[in-house]
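Enquirer: Could you have a look at this structure, given as structure tokens, before my questions?
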Amino acid sequence: MKSYGLFINGEWKVTKESITVMNPANDVVVGKVSFGTGDDAKAAVDAAAAAYPEWSSKTAFERSVHLKSWYEAIENEKVQLAKTLTLEQGKPLKEAIGEIDYANSFILWYAEEAKRIYGDIVPPLQKDKRIFVRKQPVGVVAAITPWNFPAAMITRKVGPALAAGCTVVIKPSEFTPLTAYYLAELAEKAGMPKGVINIVTGNPSEIGETWLSDHRVRKITFTGSTKVGKYLMNKSADTVKKVSLELGGHAPYIVLNDADIDHAVDSIIKAKFRNGGQTCVCPNRIYVQSGIVDEFTGRFEKAAASLVVGNGLEDGVDIGPLINDSAVEKVLNHIKDATDKGATLIGDIPSKSENGRFIKPVILKNVTDEMLCMNEETFGPVAPITTFETVEEVITRANDSNYGLAAYIFTTKIDQAFRLSEALEFGIVGVNDPLPSVVQAPFGGMKESGLGREGGYQGIEEFLETQYISFKL
Ligand code: SIN
């Protein structure tokens, strides 16, 4: 069983109170972490602020060496880290290993990207002037991260932040803090200077309030619900912090009559049931053109029925448990709402009492736009299918949402692919691609799905300020 104190200024501070971490598959206690107060949250900022001058004045090459050492340390303990992740989060071990690879790719990428923070020389108006534009780190960054990707959502923020020259304070989810502290332990082993990375767990609102009101925290970067994102954005106004938000999604998955149906089915299995449907980019509304809806649905049913639901540490498991009981309630509520309003459920209605947090894939047919599952993120393995006739119709219906994170299109016609992708108001569009998230691309949403981008060269910009220097000769 893993047990961690708070990680502040390179020291492990064990508090009297603690948070018990449970395996969502069986409620077995898998670890314990300290429960910090507002004072601890402030101490973390003190440490990050004290470490900032030295860290930010290192050369990009020096910061890159530190990041690469951290990357190596993670690589060396990849499987143990993945097991910890599965124990506290539930996802199948093979997916957890995939997440660690994904997480670590952000550290390696930004170790390189640190060296490519360029400025500009701007032609002046007068002969005796010179104008230089340079980038500098924003300062201390507060990262607030979710439970669905306990490793990747930390490194996707901390990798570029450290590369830019920022120091960080992190609050991971209380459901999955062990992976976060394990990452910090590996950073410490890899020789990361004290105070550059700090982690505090405890009462989320007390920690959040402390960081929001602290002038020294110059940037908040958050992944989580739209509701909390709006709150953080509002509160950041008091000290005019920079804000990056990666919020909810409600991804349309559009299959046109001319699609390669086998590929569209294989892809919906990958995209929909990844992490048991608990990702912001999971397809949440499946629009199939009327000419192929029966064939698509029949093949999808067969493929979904073969998925194995169980404890993520067991061999051959494809879908783990949902994170907690309220996640199960939400899923059951979406299914009930849909069936009450006339949707047809393929298979049996999952029952919480029989299955605990294990929910088998659920396919809903004859879904209409009024149903809850077509208007809110389900965050579970529920696949609602509706039909459409024309491309214009599906564009209108897909865009009729306040969310704008990811969308998917399946077609073999290149003109359709371009027309649709350009018309969709979503930050990420997968054309015949169920898994578009990669380190080198700018992940992020439009509308209420968020602000800013993570990944790619754009990801480091979020942690930089622009300054210009005007010289009179
Ligand atoms: C998320 O669900 O927030 C992240 C998913 C991804 O990176 O693909």
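Enquirer: Scan segment 384-408 for residues that are touching a Cys at 6+ places or on another chain (Cβ under 9 Å) and either more than 19 Å from Ile428 (Cβ to Cβ) or free of Cβ contacts under 8 Å to residues at least 40 places away in the same chain (or both) and jot them down.
Expert: Pro384
Yes/no per residue for (1) within 16 Å of the ligand (Cβ to nearest atom); (2) in a strand (DSSP E or B):
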residue	(1), (2)
Thr368	no, no
Glu377	yes, no
Thr387	no, yes
Val394	no, no
Ser401	no, no
Ile409	no, yes
Leu420	no, no
Ile460	no, no
Glu465	no, yes
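Enquirer: Strands (runs of 3 or more DSSP E) wholly in segment 209-306 with at least 1 residues that are away from the ligand (no atom under 16 Å from the Cβ), open to solvent by less than 20 Å² (accessible area, probe 1.4 Å) and not assigned by TED's automatic domain parsing to the domain that holds Ala43 - which ones?
Expert: Numbers: elements: 217-223, 242-246, 251-255, 283-289.
Hits in segment 209-306: 251-255, 283-289.
Enquirer: May I pose another question? Can Glu314 be described as in a helix (DSSP H, G or I) and either more than 16 Å from the ligand (Cβ to nearest atom) or touching a His at 6+ places or on another chain (Cβ under 6 Å) (or both)?
Expert: No: the conditions fail for Glu314.
Enquirer: Next question, about the same structure. Where the second residue is within 10 Å of the ligand (Cβ to nearest atom) and not polar (S, T, N, Q) and the first is touching a residue at least 60 places away in the same chain (Cβ under 8 Å) and farther than 16 Å from Thr378 by Cβ and lies in segment 267-292, which pairs have Cβ atoms under 9 Å and are six or more apart or on separate chains?
Expert: Ser267/Leu435; Lys270/Leu435
Enquirer: Identify, please: which residue in segment 109-137 is part of a helix (DSSP H, G or I) and free of Cβ contacts under 8 Å to residues at least 60 places away in the same chain and is, among those, farthest from the ligand (Cβ to nearest atom)?
Expert: Residue satisfying both the conditions and the ranking: Lys115.
Enquirer: Going through segment 138-164 one residue at a time, which ones are crowded, with 24+ Cβ neighbours inside 10 Å and away from the ligand (no atom under 16 Å from the Cβ)?
Expert: Val140, Val141, Ala142, Ala161, Leu162, Ala163, Ala164
The values are calculated or read from the model by the stated rules, or taken from the named source; none is laboratory data. Just so it is clear, the model here is predicted, and its values are computed rather than measured. Neighbour counts are summed over all protein chains in view; Cβ atoms, including those assigned to glycine, are modelled from backbone coordinates with ideal geometry. These area figures cover heavy atoms from the full protein model, side chains too; ligands, DNA and RNA do not enter into them. Shrake-Rupley method; radii C 1.70, N 1.55, O 1.52, S 1.80 Å.
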